[in-house]
Amino acid sequence: MKTPNKKSALSEVHGVDQPEAVSSVVAHQIQQFRRKKPSTEELVTRILNGDKTALSRAITLVESTNPEHLEKANEVIKDCLPHANKSVRIGITGVPGVGKSTFIEAFGKYLTSIGKKVAVLAVDPSSSISHGSILGDKTRMEELVKDENAFIRPSASGDTLGGVARKTRESIILCEACGFDTIIIETVGVGQSETAVHSMVDFFLLLKISGAGDELQGIKRGIMEMADTIVINKADGDNIQKAKLAKTEFNRALHLFPAKSSGWIPKVTTCSAYEQTGIDAVWEIISSYFEMVKANSYFDEKRQSQNQFWMMETINEQLKTRFYNHPEISTLLEENKKAVQNNQLSPFAAAQILLERYFKN
Ligand SMILES: Nc1nc2c(ncn2[C@@H]2O[C@H](COP(=O)(O)OP(=O)(O)OP(=O)(O)O)[C@@H](O)[C@H]2O)c(=O)[nH]1
């Protein structure tokens, strides 16, 4: 009796039935397996030579939770750091649907057309919940992703905004060492992530659209206050007049905010990412900002204070993680919570006991 032709495990996995195809898959896997992982030195050399594959690999190390990878990532960052810092960092935020991807695609293409090297990173804490990135998505920036002078990396996933932000901060260093002179950090304008992005960029751009009703409704005061420019997108077709009106209203609203310590007066402009109009004016605004803050030394001062802020943030984050993950502490924490609930311990005394126990260890 003829036995039915069973599919091999490999063909099940790869969806290939032909023996030749199977053998080529095996050969490819063996080749992959044998491929030597680049040493730290090799990775750094390649990054400094502008190799985007090496850059991607280093960012993957930064994003890994494997302690060995993290150690290697730290070494790569240390060696890249002297070559970093030579870029301008621009944060872009806006509510979903405002056209961030379309805008970044148009803006990025404009920048590469004038000789810039553009890296797009994203801060999206929600990606850890949705198990994927909704921002910095390569498929939504089809043209830019094909551009030799552009690099797009979807958001790192992570449990906390602090974790995602750290990975983005470190990725900025790697992108700069790889020769990218314009770093765009995209974030969705609905949560706390704008504040994190604001503290890692030199310039903050708020993307808006004009609409019916009160233009200023629904915008958090804090985000408006952080903006160095407001760009009203979708100023095309029937929207052109509405966009002009919105520009006047935003200009008026911005005057109500206290003056910025940079000395910069925020500007409002309109554009159509779709029709690629007004994009050059956005760059003109950004360029005049950099001209001003580099001349009055605010640029360097801000970067220094951001570095200090991130050092403190990292300490806080690490202390909290270590404290809460300590096996003895987590048991005692539960006990003390019950004691507080039953009025056997005051919240202050309970916290004190926990902290003393932790620092004794
Ligand atoms: N008319 C017009 N439509 C635009 C323009 N820019 C973007 N759109 C459209 O607006 C919609 C949202 O654009 P996206 O670029 O995906 O917006 P996003 O802000 O990245 O969206 P989220 O992924 O939801 O955050 C798409 O249907 C775009 O085609 C523009 O300048 N004019």
Next item on the list: Quick one: which residues, 5 or more positions from Ile232 or on another chain, have an amide H under 5 Å from its amide H? H modelled 1.01 Å from N in the peptide plane, none for Pro or chain starts.
Entry: Lys208, Thr269, Thr270, Cys271
Check: If ligands, DNA and RNA are left out, what is the accessible area of Lys267 with a 1.4 Å probe, given in Å² to the nearest 10?
Finding: 80
Check: What are the ³J(HN,Hα) values, in whole Hz, obtained from phi via the Karplus relation 6.51 cos²θ - 1.76 cosθ + 1.60 with θ = phi - 60°, for each residue of region 170-184 in sequence order, with x given for Gly and Pro?
Finding: 6, 5, 4, 4, 5, 4, 5, 5, 7, x, 7, 9, 10, 10, 10
Notebook entry, point to check: Which whole-Hz ³J(HN,Hα) couplings does region 72-78 yield from phi under the Karplus relation 6.51 cos²θ - 1.76 cosθ + 1.60, θ = phi - 60°, glycine and proline marked x?
Noted result: 5, 4, 4, 5, 4, 4, 4
Margin query: Stokes-Einstein diffusion coefficient for region 308-360 at 20 °C in a medium of 1.002 mPa s, Rh from the Kirkwood formula over Cα pairs: what value in µm²/s?
Written below: 179
Check: Can you list the residues, at least 5 places off or on another chain, whose amide H is less than 5 Å from the amide H of Val88, using H built in the peptide plane?
Finding: Thr182, Ile183
Check: Quick one: what do you get for region 209-361 if you divide its Cα Rg by 2.2 N^0.38 Å?
Finding: 1.67
Note to self: Once you compute Rg and the Kirkwood Rh from C-alpha atoms, what is the Rg to Rh ratio for region 34-79?
What the structure shows: 0.94
Item checked: Cα-centre dipole for region 308-360 with unit charges at Cβ (Lys and Arg positive, Asp and Glu negative), debye to 20 -> 80
Next item on the list: Any of Lys37/Lys117; Lys100/Lys267; Lys86/Lys167; Lys86/Lys109; Lys86/Lys267; Lys86/Lys117 with alpha carbons more than 23 Å apart? Name them for me.
Entry: Lys37/Lys117; Lys86/Lys267
Item checked: Placed amide H near Val120: partners under 5 Å, 5+ positions off or other chain -> Phe151, Ile152, Arg153, Ile184
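The values are calculated or read from the model by the stated rules, or taken from the named source; none is laboratory data. The shown structure was predicted, so the numbers you read here are calculated from the model rather than taken from an experiment. Cβ atoms come from the backbone with ideal geometry, glycine included; neighbour counts cover every protein chain shown. For accessibility, only protein heavy atoms count, side chains too; no ligands or nucleic acids. Shrake-Rupley method; radii C 1.70, N 1.55, O 1.52, S 1.80 Å.
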